[in-house]
Amino acid sequence: MQKIVVLTGAGVSKESGLDTFRDANGIWAKYSMEEVCTPRGFQRSPQKLHDFYNKLRQDLPTVKPNAAHIALADWERVIKERNLEVELLVVTQNIDDLHERAGSKNLYHMHGELYKLWCTACDMKITWNQNCFVDTPCPQCGQENLRPDIVWFGETPYHMDAIQKALLQCDLFISIGTSGEVYPAAGFVELAASANAKTIELNLEPSAGTSRFNESRLGPATQLVPEFVKSWLQQYQSK
Ligand code: APR
């Protein structure tokens, strides 16, 4: 069984119309990371933080999966339909739902999801597509302790045990549209390399991690990802 792990970052959703974080005009050029992406920011000014995620949640239905999301979802579908001896896992740092809207099924959101809230009183995770306010009651316990189900700086990303296991067993690791600035995701290339996986980066420009990959291809995700998937399928069939 060939095992493939794909890591995606904000760059994969850029051409759908969603801002990245660290590019010029990115989210961190407009908002304070400390205010909207840390537990301390939430304690200090919870409504400000809710407003930030409310806006992102409102914008999400206005954008669509692009050719990169679709190529990854099609890749998984073809593997299944043709019964190929291949396991493909997509791990995304993105909190948007564009991978699942494109059709990806084997998918982990390591930094949480915009369409979920977490009640810190009763620990319930709630699917949520509206605005949330400091006084919005939890539909389960009624307390006003809802927060976005997003992993903030200083918190532990989700699914880490399963992700690490997959990286330590994979044959191919592909990183798409991420700056390689944020750990633990930035260290995935090294974990995969320690398992002797081939490591490939597909990014618009060189990232902080470029030198750690076996191969780095530069360009927009909507071009590089469909090209990569097409040539992988051709090579697999010619084996
Ligand atoms: N195609 C491919 N790559 C692109 C494209 C594109 N069309 N547009 C931008 N990129 C690249 C940029 O060159 C950059 O290297 O995507 C990367 C985006 O980097 P970041 O903005 O840092 O986003 P990401 O790596 O996903 O950030 C990681 O940081 O703030 C946190 O929690 C947030 O999950 C996020 C984490």
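Computed 3J(HN,Hα) for the stretch 108-120, one whole-Hz value per residue from the Karplus formula 6.51 cos²θ - 1.76 cosθ + 1.60 where θ = phi - 60°, is 10, 9, 6, 10, x, 9, 4, 8, 9, 10, 10, 8, 7, glycine and proline marked x. Classify the stretch 194-239 as rounded, prolate or oblate from the Cα gyration tensor: take a ≥ b ≥ c as the square roots of its eigenvalues, call it rounded if a/c is under 1.5, otherwise prolate when a/b beats b/c and oblate if not. It is oblate, given that a/c is not under 1.5 and a/b is not larger than b/c.
Using the Cβ-Cβ distance between Cys141 and Lys105 with R0 = 45 Å, the FRET efficiency computed as 1/(1 + (r/R0)^6) comes to roughly 0.90. Close amide H pairs (under 5 Å, H built 1.01 Å from N) link Lys198 with Leu172, Phe173, residues at least 5 positions away or on another chain. Annotation: amide H of Glu87 within the under-5 Å range of Gln2, Lys3, Ile4, sequence separation 5 or more or interchain, hydrogens built in the peptide plane. Sequence-ordered 3J(HN,Hα) estimates for the stretch 133-139 from the Karplus curve with 6.51, -1.76 and 1.60 and θ = phi - 60° stand at 10, 4, 9, 6, x, 5, x Hz, glycine and proline given as x. In the stretch 29-188, Cα pairs under 8 Å separated by at least six residues give a relative contact order of 21 percent. Scanning residues 5 or more positions from Tyr108 or on other chains, those with amide H under 5 Å from its amide H are Val90, Val91, Thr92, with H placed 1.01 Å from N in the peptide plane.
A straight Cα-to-Cα reach below 24 Å connects Lys116 with the lysines Lys14, Lys30, Lys48, Lys55, Lys64, Lys105, Lys125, residues fewer than 8 places away in its own chain not being considered. Here Arg217 and Asp51 are evaluated by their C-beta separation; at R0 = 30 Å the FRET efficiency comes out at 0.20. Note on the stretch 149-239: Kirkwood hydrodynamic radius from all Cα pairs is 14.2 Å, rounded to one decimal. Among the cysteines of the chain, those with no neighbouring cysteine Cβ under 4.7 Å are Cys37, Cys132, Cys170. So if I place +1 on the C-beta of Lys and Arg and -1 on the C-beta of Asp and Glu, and nothing else carries charge, what would the dipole magnitude of the stretch 145-239 be about its Cα centre? I want it in debye, nearest 20. About 280 debye.
Here Lys198 is the anchor, and the aspartates and glutamates within straight C-alpha reach of less than 14 Å, apart from those fewer than 8 places off in the same chain, are Asp171, Glu190, Glu215. Cross-link partners of Lys230 among aspartates and glutamates, defined as those whose alpha carbon lies under 14 angstrom from its own and excluding same-chain residues fewer than eight positions apart: Asp74, Glu76. Histogrammed with a bin width of 5 Å, the alpha carbon distances of the chain distribute as 1, 6, 13, 18, 19, 16, 11, 8, 5, 2, 1, 0 percent, first bin at zero. Placing a pseudo-label 7 Å from each Cα along the Cα-to-Cβ vector at Asp19 and Ala208 gives an inter-label distance of 2.0 nm.
Where a number appears in this text, it was derived from the coordinates with a stated rule and is not lab data. Values in this document were obtained by computation on a predicted structure and should not be read as measured data. All Cβ positions, glycine included, derive from the backbone under ideal geometry; neighbour counts span all protein chains shown.
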